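Engineer: This is the structure I want to talk about, given as structure tokens.
The values are calculated or read from the model by the stated rules, or taken from the named source; none is laboratory data. It should be emphasised that the depicted structure is a prediction, and the values quoted were computed from it without experimental measurement. All Cβ positions, glycine included, derive from the backbone under ideal geometry; neighbour counts span all protein chains shown. These area figures cover heavy atoms from the full protein model, side chains too; ligands, DNA and RNA do not enter into them. Shrake-Rupley method; radii C 1.70, N 1.55, O 1.52, S 1.80 Å.
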Amino acid sequence: MSIHSKTPTRKLTNVLVTGGAGFIGSAFVRAAVGEHWFPGKVVVLDALTYAGNFENIADFADALTFIHGDICDADMVEKTISTHQIDTVVHFAAESHVDRSILGPMVFTRTNVLGTHTLLEMSRRLGVRLFLHISTDEVYGSLGEEGSFTELSPLNPTSPYAASKAAADLMVLAYARTYGFPAIVTRCSNNYGPYQFPEKLIPLMIIHALRGMELPVYGDGMNIRDWIHTRDHVGALRCILSSGREGEIYNIGGGNQRRNIDIVRAILRYLGKPESLVRFVSDRPGHDRRYAVDSAKLASELGWRPVVPFEEGLRETIEWYVRNEPWWRRVMDGEYQEYYTRQYLKR
Ligand code: NAD
Ligand code: TYD
């Protein structure tokens, strides 16, 4: 568990979790339902896109309400919030993959911008008491050799994904300012852990290594990301739900800056696979060089700090994918295969 020193102050009852069948959303749902964080209902609203999988929360199916729907559907969102007397919205639903946003950006604007706005407007009209908008450090753009992003860093998104998230953040903050709507924005660094869809760096490399396939490293492999385990991210969200200040932005960082190539090599080493599987491929267009997040505000205001050591979390994650081959084989069926073929066979 992440550490938070402040006593919870906010009473939250019926919680709507959008994107709760995805990677991070499902980690939140499993913890919130499994540990009884809320006295009322947990309602999960998810469109079950290629990235959403009900199986991720199936163990808790009896203790939650699942709604298969799209956050762009205003009538359905309105009905959901009013029927279940939702007082809290935790908004994870999004298109989340940079490479996909380069190949097909329109759905990113639809879901991340229009979908967020629809959810926000219905939440405001129906008097939701707290709207927690889950965003990303990618809204700040890329860093050079030094420094890290604070909440005051200027927005400088470079990919269509990051731009769509930045647009959504601005609308949420505008609602807080204009209407006094009780919203909070969080900006987290790169997550890793179990149940991550195998298009992102860590699960993709694990699965390629397990299958003895080449591991496609973009560019020179020296790009840096700041990794955080979903357990730590979810712990931070719990602190913020309890005691975060409305209208504020909180950065959430893992404090684990790693070069991509070092992660790839660590995975190969752990699985006993040869380094010759690494293949340097053409770089991602507009590839951000480095992300690093300063979480000092969250630490000083709410006493949060991450507790999962990266090497331990990575080992645990690799072992999860080794044990859960049927899971990743199932989620990689169908539409994913088409995307994957387009993405990788052309390189
Ligand atoms: P994910 O792609 O694994 O899951 C997204 C979920 O949203 C899926 O369950 C999907 O079915 C659902 N969804 C997509 N479009 C929808 C729509 N129109 N209506 C309803 N549901 C829809 O994403 P993730 O990695 O779990 O990320 C969750 C959130 O966290 C996103 O908002 C993302 O921007 C943010 N975030 C992710 C990371 C990361 O490293 N993965 C880091 C920081 C922030
Ligand atoms: P990714 O997991 O897509 O997250 P993000 O782009 O949101 O940071 O990528 C993490 C890093 O890994 C990024 O620098 C791109 C790189 N990468 C590869 O080198 N090869 C790959 O196959 C993928 C998916 C990513």
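Engineer: I need the Kirkwood Rh of region 56-207: take the reciprocal of the average 1/r across all distinct C-alpha pairs and report it in angstrom. Write out the running numbers ahead of the final one.
Structural biologist: On the way: mean 1/r = 0.0594 Å⁻¹.
Result for region 56-207, one decimal place: 16.8 Å.
Engineer: Could I ask something else about it? Just subtract the alpha-carbon distance of residue 48 and residue 259 from 0.36 nm times their residue separation and send over the number in nm, one decimal. List each step's numbers first, then the result.
Structural biologist: Details: separation 211, 0.36 × 211 = 75.96 nm, distance 3.20 nm.
Difference between extended and current length: 72.8 nm.
Engineer: If you count only protein heavy atoms with a 1.4 Å probe, what accessible area per residue comes out for region 216-347, rounded to a whole Å²?
Structural biologist: Values: 5790 Å² over 132 residues.
On a per-residue basis, region 216-347 sits at 44 Å².
Engineer: Taking K and R as +1 and D and E as -1, what net charge do the other residues with C-beta under 11 Å from the C-beta of residue 295 add up to? Provide the component values of the computation, followed by the final result.
Structural biologist: Numbers: positive: 187, 297, 305; negative: 137, 151, 226, 232, 294, 301.
Residues near residue 295 contribute -3 overall.
Engineer: Can you tell me how region 132-202 classifies by the Cα gyration tensor, rounded, prolate or oblate, using a/c under 1.5 as the rounded cut?
Structural biologist: Details: a/c = 2.07, a/b = 1.39, b/c = 1.49.
It is oblate, given that a/c is not under 1.5 and a/b is not larger than b/c.
Engineer: I would also like to ask the following. May I ask you to give the percent of accessible area on the chain that is carbon plus sulfur, with a probe radius of 1.4 Å?
Structural biologist: Numbers: 7430 of 14260 Å².
Heavy-atom surface of the chain belonging to carbon and sulfur, 1.4 Å probe: 52 percent.
Engineer: What net charge is computed for the residues neighbouring residue 145, neighbours being all others with C-beta under 12 Å from the C-beta of residue 145, Lys and Arg scored +1, Asp and Glu -1? Before the final figure, lay out each step's value.
Structural biologist: Details: positive: 289, 290; negative: 146.
Neighbourhood net charge equals +1.
Engineer: Measure off 7 Å from each Cα along the Cα-to-Cβ vector at residue 36 and residue 284, then give the distance between these two points in nanometres to one decimal.
Structural biologist: Distance between label points: 4.2 nm.
Engineer: Right, next: Measuring from label point to label point, each 7 Å out along Cα→Cβ, what is the residue 61 to residue 110 span in nm?
Structural biologist: 2.8
Engineer: I'd like to know which of 299, 91, 270 lies farthest towards the positive end of the charge dipole of the chain, counting +1 on Cβ of Lys and Arg and -1 on Cβ of Asp and Glu.
Structural biologist: 299
Engineer: Another question, if that's okay. Calculate for the chain the 222 nm mean residue ellipticity that helices alone would give, adding -39,500 (n - 2.57) per DSSP H run of length 4 or more and normalising by residue count, nearest 500 deg cm²/dmol.
Structural biologist: Details: 12 runs with 134 residues, N = 347.
My calculation for the chain gives -11500 deg cm²/dmol from helical runs alone.
Engineer: Accessible area per residue of region 97-200 at 1.4 Å probe, in Å²? Walk me through the intermediate numbers first.
Structural biologist: Numbers: 3920 Å² over 104 residues.
Averaged over the residues of region 97-200, the accessible area is 38 Å².
Engineer: Let me ask something else. Multiply the residue gap between residue 178 and residue 78 by 0.36 nm, knock off their C-alpha separation, and tell me the result in nm, one decimal place. Walk me through the numbers before you get to the answer.
Structural biologist: On the way: separation 100, 0.36 × 100 = 36.00 nm, distance 2.13 nm.
That pair, residue 178 and residue 78, stretches by 33.9 nm at full extension.
Engineer: I've got another one for you. Estimate the FRET efficiency between residue 13 and residue 121 by the formula 1/(1 + (r/R0)^6), using the beta-carbon distance for r and 25 Å for R0, to the nearest 0.05.
Structural biologist: Once the sixth-power term is evaluated, E becomes 0.70.
Engineer: Given 11/297; 11/165; 11/200, which pairs have Cα atoms separated by over 26 Å? Before the final figure, lay out the partial values.
Structural biologist: On the way: 11/297 22 Å; 11/165 28 Å; 11/200 36 Å.
Among 11/297; 11/165; 11/200, the Cα-Cα distance tops 26 Å for 11/165; 11/200.
Engineer: While we're on this one: Tabulate in residue order the Karplus-calculated ³J(HN,Hα) for region 9-15, using 6.51 cos²θ - 1.76 cosθ + 1.60 with θ = phi - 60°, rounded to whole Hz; enter x for Gly and Pro.
Structural biologist: Each residue of region 9-15 in turn: 10, 9, 9, 10, 10, 9, 10 Hz.
Engineer: Moving to a separate point now. Applying the Karplus parametrisation 6.51 cos²θ - 1.76 cosθ + 1.60 with θ = phi - 60° to the phi angles of region 89-97, what ³J(HN,Hα) value in whole Hz is obtained for each residue in order, glycine and proline being reported as x?
Structural biologist: Using θ = phi - 60°, the values come out as 10, 10, 9, 9, 4, 5, 7, 10, 10 Hz.
Engineer: Also, I was wondering about something else. Mind checking the full-extension length gain between residue 210 and residue 270? Use 0.36 nm per residue of separation minus the Cα-Cα distance, one decimal, nm.
Structural biologist: Working: separation 60, 0.36 × 60 = 21.60 nm, distance 1.08 nm.
My answer for the length gained is 20.5 nm.
Engineer: Another question, if that's okay. Around residue 257, which amide H atoms from residues at least 5 apart in sequence, or from another chain, sit under 5 Å from its own amide H, with H modelled in the peptide plane?
Structural biologist: 227
Engineer: Further question: Comparing 61, 27, 168, which has the greatest mean-square fluctuation in the GNM of the chain with Cα pairs linked when under 10 Å apart?
Structural biologist: Of the options given, 61 has the highest mean-square fluctuation.
Engineer: On to the next question. Once Rh is set to the Kirkwood radius over Cα pairs, what Stokes-Einstein translational diffusion coefficient, in µm²/s, holds for the chain at a temperature of 4 °C and a viscosity of 1.567 mPa s?
Structural biologist: 64
Engineer: Right, something else. Taking the Cα centre of the chain as origin and charging only Cβ (+1 Lys, Arg; -1 Asp, Glu), how large is the dipole, in debye to the nearest 20? Could the numbers behind the result be given before it?
Structural biologist: Numbers: 38 positive and 40 negative charges, 45 e Å.
The dipole of the chain has a size of about 220 debye.
Engineer: Using amide H atoms built in the peptide plane, which far-off residues or other-chain residues are under 5 Å from residue 190 H to H?
Structural biologist: Residues meeting the amide H criterion: 226, 228.
Engineer: Normalising by the residue count of the chain, find the relative contact order in percent from Cα pairs under 8 Å and 6+ residues apart. Provide the component values of the computation, followed by the final result.
Structural biologist: On the way: 671 pairs, mean separation 69.5, N = 347.
Relative contact order of the chain: 20 percent.
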